[in-house]
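Let me begin by presenting the structure, written as structure tokens, before commenting on it.
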Amino acid sequence: MHQDCFVIDSYALLAFLEGGVGCEKISRFLEGAAGERCQLFMSVINLGEVLYIVERERGLPKAQETLARIDELPIRIIDVDRPQILVAAHIKARWPVAYADCFAVALAKLKAAAVVTGDPEFKVLEAASEVSVTWL
């Protein structure tokens, strides 16, 4: 059975966790992954980004609670390896995007996946055909 693969970036995961714009779309992706109709991935770098944002805005206990909630979701958190670092560095050298976003793109390239996001920084990468984007 062919499965679609998607990389969830921090923007999309925060939208889901906070009930923001695109929350319903992320919920559908999560239901699809739970039913094994698609695969969801996230770079550990983007996980760290979510956690530092939550801790900075709402405190360490909320960040710990958020991590426990994320751990229950059908998203595979992918550790960073050398190939991912090299792709992310290449993207960062060429495009004006945040370094953490480069890891989402690198993971998407390595998994032949689309990035799920609402972050406007990805528009330049999509326009340059660096990555496929599924917009919230």
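Checking the structure you have, find out if any residue of segment 123-130 is modelled with pLDDT of 95 or more and within 14 Å of the chain's Cα centre (by Cα).
There is no residue in segment 123-130 that is modelled with pLDDT of 95 or more and within 14 Å of the chain's Cα centre (by Cα).
Please verify whether LEU67 is crowded, with 16+ Cβ neighbours inside 10 Å, within 23 Å of ALA34 (Cβ to Cβ) and either out of contact with any strand residue (DSSP E or B) (no Cβ under 8 Å at 6 or more places or on another chain) or not acidic (Asp, Glu) (or both), treating the condition exactly as stated.
no
Among the listed residues ALA12, ALA68, ALA88, identify the single one that is among the hydrophobic types (A, V, I, L, M, F, W, C), assigned to a helix (DSSP H, G or I) and more than 21 Å from VAL133 (Cβ to Cβ).
Result of the check over ALA12, ALA68, ALA88: ALA68.
Within segment 109-129, take every residue that is under 19 Å from ALA89 (Cβ atoms) and in contact with a Phe, Trp or Tyr (Cβ under 8 Å, 6 or more places away or on another chain) and give me the one that is surrounded by the fewest Cβ atoms within 10 Å (Cβ to Cβ).
Once the filter is applied, the top-ranked residue is ALA128.
Only residues that are within 14 Å of the chain's Cα centre (by Cα) and not hydrophobic (A, V, I, L, M, F, W, C): list them for segment 85-116, please.
TYR99, ASP101, LYS109, LYS111 - these are the residues of segment 85-116 that are within 14 Å of the chain's Cα centre (by Cα) and not hydrophobic (A, V, I, L, M, F, W, C).
How many residues does segment 11-60 hold that are small (Gly, Ala, Ser), in contact (Cβ under 8 Å) with a residue 60 or more places away in the chain and farther than 20 Å from ALA88 by Cβ?
So the answer is 2.
From the residues in segment 91-136 that are in a strand (DSSP E or B) and among the hydroxyl-bearing types (Ser, Thr, Tyr), which one is nearest to GLN39 (Cα to Cα)?
Out of the qualifying residues, it is THR134.
List every residue pair whose Cβ atoms lie under 9 Å apart, where the two residues are 6 or more positions apart in sequence or sit on different chains, the first residue falls within segment 107-120 and is on the phi > 0 side of the Ramachandran plot, and the second residue, located anywhere, is not polar (S, T, N, Q).
ALA112/CYS5
Please go through segment 76-85 and give me each residue that is assigned to a helix (DSSP H, G or I) and either farther than 10 Å from ILE45 by Cβ or among the polar types (S, T, N, Q) (or both), ordered by number.
Hits for segment 76-85 are ARG82, PRO83, GLN84.
Give the number of residues within segment 33-54 that are surrounded by fewer than 16 Cβ atoms within 10 Å (Cβ to Cβ), assigned to a helix (DSSP H, G or I) and either over 15 Å from the mean Cα position of the chain (by Cα) or of a type outside the set (A, V, I, L, M, F, W, C) (or both).
3
The values are calculated or read from the model by the stated rules, or taken from the named source; none is laboratory data. From a predicted model like this one, the values you see are computed outputs, not experimental measurements. We place every Cβ from the backbone using ideal geometry, glycine too, and count neighbours over all the protein chains shown.
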